[in-house]
Every structure is written in C-alpha cells, then in structure tokens.
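K.L.:
Please find one structure pasted underneath; my questions will follow.
The values are calculated or read from the model by the stated rules, or taken from the named source; none is laboratory data. All values reported here derive from a predicted model rather than from experimental measurement. In this analysis, Cβ positions are derived from the backbone assuming ideal geometry, glycine residues included, and neighbour counts consider all displayed protein chains.
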Amino acid sequence: MVKQLSHRVKRPGRLQGDPEVEIPVAEDLATVPGVPLNPADVAFYSREYPLETQAIEKSADRQWALANQSKDFDDFREGHDERMTPMYEAALGSGDVEPTGTPVPGEDLTDDIRRLAREMGFGEVGFTRYDRRYTFAGKKRWARYEHAICLAMEQDYVKTQSGPSPDSDIARFETYEIQQELCLKLCEYLRSRGYHGQVHDGSDCSGPYIPMFVAAGLGQLGANGQLLSPHFGSRSRLMLVTTDAPVTYDEPADYGIHKFCQECQVCVNRCPGRAIPRDKVWWRGVERNKLIYDRCRPVMVKYHGCAACMIVCPIQKYGMKPVMEHYVETGEVLGKGSDNLEGFSLKGKGYFASGELPQFDREFFEFPHGREEDWLFEKFKERLKTAGVPGEAELADFANEVMEVLEKGETTFDLA
Ligand code: SF4
Ligand code: SF4
C-alpha cells in the first residue's frame, strides 16, 4: 500500500564528495523536528535532579562488571587503554589550552569546520548550542564553551554485524580511538584560527550527547535509545567539541523516526534482556522508550557490550533512505521478520533466529545497584536483619569501607 508523502529530508552523502540524499517521510510518520519535548520539564529536572554519569550514579556495579565481563579480548582492551590514557588526559585539559592564532572579526567558521571534520572521516557533523540542561552534575564546572560541534564516526560495518562478539566490541573501541585523536586535532585547528576547543569524549561523557545531535538535525532518537542517523543508524560513536569560535547552528529535522519505531519494534522484540519497553513514556520532559537499565546491564556486561538493539535495527543495516522508501512504497518495515536482519548469536547460548530469544534465570539479573556507598548500606541493612548488630571490629570495617568509597567519589568529582 503506497503511503502519502509528508516531506523529504535532504542530507549530505555518506562520504565527503558523495551526492546528496533525499529521505522521504510518509505522512503517517510525520511528527515534529527533533523529538517531542516539554522544555519546562527538561529545565525542571535539570535544575532539581541533575543527571550524573553512570560511573558515579551506578558505581556499585563497576567491580561486578569488571569481574563478569567477557575476557576473550582482554589483550586488545589492555592496548586500547594504554593508547587512550594520554588522549583522555589531553581531552580533560583541552578547554584550558590557549589559542595560537588570531581571530578575524566578523568571520564564521561553520563551513571550514564542517569540511575539515568530514575530510577527517566523521560521517555526520552538525552545530548547535551546547545544552547545559543535559550536563552531568560533576561536569558542570568543567564544560566551558557555548557552541557544540556534534561529530559522529561510523563504526565498521562487517565487524559490527557479527555482534555480540569480540569483533563487534573491538569495532566499538577502535572507533573511540580514532575519533578521540581526530577531535584533539580539530581543537588544534580551532586554536590555530584564534579560538578555544574542548573535547567531550565518548567514554567519559560530559552528559548525554544525543539531544544535541538531534537538535543539529543529524538524526532522531530511536526506540533503542540511540541516535538513528541517516547513513549508519546508530552504528556510530558520538563525540562533541565545544568552542567559542563563531558558528551557525543547524536545525533539527523530522525523519519520521519517532513514529516509525512504533511501527518497527524490531529492537523491542529482539532485545535479549527484554529491556526496551514497547511504549513511549514522558521521561525528564522527553517522549521516548525508556530503557530499563537493570535488564540491559547484565546482558551488556556478559555478552561483549551486547548492542543487539543496534545490530537488528534496519536503519543501521540498510540505511535510512532505503528503509523509508520501502515504507512509503509498501507500508512495511524493510527486513522485519527476516533472519538476515533479526538473527544473532550469543556465546554459549547459540543462534537465535527471528522470533527466538534466549532465556535467563533470575540470578542472571542480580548485580549491585546504585552508588557504591548506598550499596554498602543496603548490604549492611541485610546483615542487621539476618545476623543482628555486628561487633565493634566489623562496624569499624564497614565505616572504613564507606570512607574509602566516599574519598574515591571526591577524587572523581575533582577530576571532573
Ligand atoms: S544492549 Fe542488548 S540488552 Fe541492552 S537494550 Fe540493547 S539489545 Fe537489549
Ligand atoms: S530497530 Fe526499529 S524500533 Fe528499534 S530503533 Fe531501529 S527503527 Fe526504531
């Protein structure tokens, strides 16, 4: 059944120099540019309940994750950490480095930055205001500049499709390495033009970056909680460079994704942890499918970052243009119900064709929750209930454990 057309979104080609693409959006998928949001609610939650990084907010599960994660690419991971450490440090201090060049009054660097970033290999490049409403509490004093350059780097196609696997995990970390180095170079360029640049990296994020990518028109939020961008869906890693260089902001676009995801639901049906709710809710002022962390985390940790929700997404697999054209022509979701799109394997569990999912027992989903110090108190409460009030030595041990965690937290905060 051919659908009525609402509009077409024009985007640059996948690679620098490729022809522009036009993505048709069916009338029944049209909603709003970007994402439906209530600005008053976003501001309220940001002020009263600021976001915090998972490393702090969910610190209780860190040790558990290290002990339980897949070990079969430890060698690569060690090398990766070694290569990344100096680049993390450079990113952390990047906002304080002074410019080397002299700004030209009245200039606008948008086109020059976009061209350079595309030549460097970033697949999507956009400009918007750096939105402090999403900055993590511990990063608020660190984030310096008001303009955000949104940079998405495509992750290797073949390695990613093999996931969850050591190869798909390696593809993820390799992409982080490449883009971290390139973002540092982009900052050098900004300085040579007389301005500051600050790298917000992909692992130690200053907040969720997707709202800014959406505001810059680089895609829309998918049901899988990831940015669905035109050429590679969510098969990318996102970074920001913020700057005081004069730039012109891009506009958000309606690619039809907000409603398309409700038609598609492939990631909802295929998630091994059953962690993606079918329906959207209003969450901190944004209408979205809110991922259930406690059902996702164990699968991610034990199966190479999982990312089945990325791999089975038709936008990732085939690109947004063919998927949306197919929807306009047939009213159907390209690849839905096929093993080509929906099949995946989990190590030790086997292959799961479309319609089949692994089973996990209750124990699989048990892990420490919340902040490390809160988790210690939770365990202490359990101990009181089951074994009564401990002796002085045990109480002192408990106090020392809590103190150690609190001191660690202060160090993290200072670094931020
Ligand atoms: S990473 Fe895996 S477990 Fe988590 S939401 Fe995606 S598919 Fe589900
Ligand atoms: S798999 Fe379908 S529902 Fe999930 S993010 Fe991709 S397009 Fe949306």
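K.L.:
Name the residue that is farthest from LYS317 (Cα to Cα), counting only residues in region 152-185 that are touching a helix residue (DSSP H, G or I) at 6+ places or on another chain (Cβ under 6 Å), in contact (Cβ under 8 Å) with a residue 40 or more places away in the chain and not in a helix (DSSP H, G or I).
P.N.:
Only one residue tops the list, namely MET153.
To keep it simple, each residue is scored yes or no on (1) in the same structural domain as ALA65 (by TED's automatic domain parsing); (2) within 13 Å of ligand 2 (Cβ to nearest atom); (3) surrounded by 18 or more Cβ atoms within 10 Å (Cβ to Cβ).
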| site | (1), (2), (3) |
| --- | --- |
| ASN289 | yes, yes, yes |
| ILE292 | yes, no, no |
| TYR303 | yes, no, yes |
| VAL312 | yes, yes, yes |
| LEU334 | yes, yes, yes |
| GLY337 | yes, yes, no |
| GLU342 | yes, yes, yes |
| GLY348 | yes, no, no |
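K.L.:
Now, a different point. How many of the residues making up region 313-337 are of a type in the set (A, V, I, L, M) and within 16 Å of ligand 1 (Cβ to nearest atom)?
P.N.:
Looking only at that region, the number is 1.
K.L.:
Keeping to region 37-63, report how many residues are in contact with a helix residue (DSSP H, G or I) (Cβ under 7 Å, 6 or more places away or on another chain) and in a loop (DSSP other than H, G, I, E, B).
P.N.:
The total comes to 4.
K.L.:
Mind checking which pairs have a first residue in region 217-236 that is touching a residue at least 40 places away in the same chain (Cβ under 8 Å) and a second that is more than 14 Å from ligand 1 (Cβ to nearest atom) and of a type in the set (Phe, Trp, Tyr), Cβ under 6 Å, 6 or more apart or different chains?
P.N.:
Correct list of pairs: GLN220/TYR255; LEU227/PHE213.
K.L.:
Given (1) charged (D, E, K, R); (2) surrounded by fewer than 23 Cβ atoms within 10 Å (Cβ to Cβ); (3) within 29 Å of VAL35 (Cα to Cα), identify the lone condition not met by GLU188.
P.N.:
(3) is the only condition that GLU188 fails.
K.L.:
Could you please give the count of residues in region 254-309 that are within 22 Å of SER46 (Cβ to Cβ) and either among the basic types (Lys, Arg) or free of Cβ contacts under 8 Å to residues at least 40 places away in the same chain (or both)?
P.N.:
6
K.L.:
For region 350-370, which positions are under 20 Å from ASP169 (Cβ atoms), surrounded by 13 or more Cβ atoms within 10 Å (Cβ to Cβ) and in contact with a Ser or Thr (Cβ under 9 Å, 6 or more places away or on another chain)?
P.N.:
Result: PHE352, single match.
K.L.:
Only one residue in ASP169, ASP156 is surrounded by 20 or more Cβ atoms within 10 Å (Cβ to Cβ) and assigned by TED's automatic domain parsing to the domain that holds ARG235. Which one?
P.N.:
ASP169
K.L.:
Here are some residues: MET300, MET310. Which one is under 18 Å from GLN63 (Cα atoms), within 9 Å of ligand 1 (Cβ to nearest atom) and hydrophobic (A, V, I, L, M, F, W, C)?
P.N.:
MET300
K.L.:
What tally of residues in region 206-216 results from selecting those that are under 11 Å from ALA152 (Cα atoms) and either without any contact (Cβ under 8 Å) to a residue 24 or more places away in the chain or away from ligand 2 (no atom under 13 Å from the Cβ) (or both)?
P.N.:
Residues that pass the stated criteria total 2.
K.L.:
Would you mind finding the one in GLU48, GLU57 that is assigned by TED's automatic domain parsing to the domain that holds PHE260 and within 30 Å of PHE365 (Cα to Cα)?
P.N.:
GLU57
K.L.:
Of the residues GLU263, GLU251, which single one is surrounded by fewer than 23 Cβ atoms within 10 Å (Cβ to Cβ), closer than 30 Å to GLN359 by Cα and away from ligand 1 (no atom under 16 Å from the Cβ)?
P.N.:
GLU263
K.L.:
Just to be sure before I move on: is MET320 in the same structural domain as PHE173 (by TED's automatic domain parsing), under 17 Å from GLY34 (Cα atoms), within 14 Å of ligand 2 (Cβ to nearest atom) and crowded, with 22+ Cβ neighbours inside 10 Å in the structure I sent?
P.N.:
For MET320, the condition - in the same structural domain as PHE173 (by TED's automatic domain parsing), under 17 Å from GLY34 (Cα atoms), within 14 Å of ligand 2 (Cβ to nearest atom) and crowded, with 22+ Cβ neighbours inside 10 Å - is met.
K.L.:
Going by what's in this entry, would ASP81 be described as more than 22 Å from the chain's Cα centre (by Cα) and either modelled with pLDDT of 95 or more or more than 30 Å from ARG14 (Cβ to Cβ) (or both)?
P.N.:
Taking the combined requirement at face value, the residue does not satisfy it.
K.L.:
Give the residues of region 186-199 that are in a loop (DSSP other than H, G, I, E, B) and of a type in the set (Lys, Arg), sorted by residue number.
P.N.:
Within region 186-199, ARG193 is the sole residue that qualifies.
K.L.:
Please find, within region 266-291, the residue that is nearest to ligand 1 (Cβ to nearest atom) out of those that are of a type in the set (Val, Ile, Thr) and closer than 22 Å to VAL323 by Cβ.
P.N.:
For region 266-291, the residue satisfying everything is ILE276.
K.L.:
Give the residue, chosen from ARG47, ARG115, that is over 30 Å from GLY256 (Cα atoms) and basic (Lys, Arg). Can you show your working first?
P.N.:
Values: ARG115 fails: over 30 Å from GLY256 (Cα atoms).
Matching residue, one of ARG47, ARG115: ARG47.
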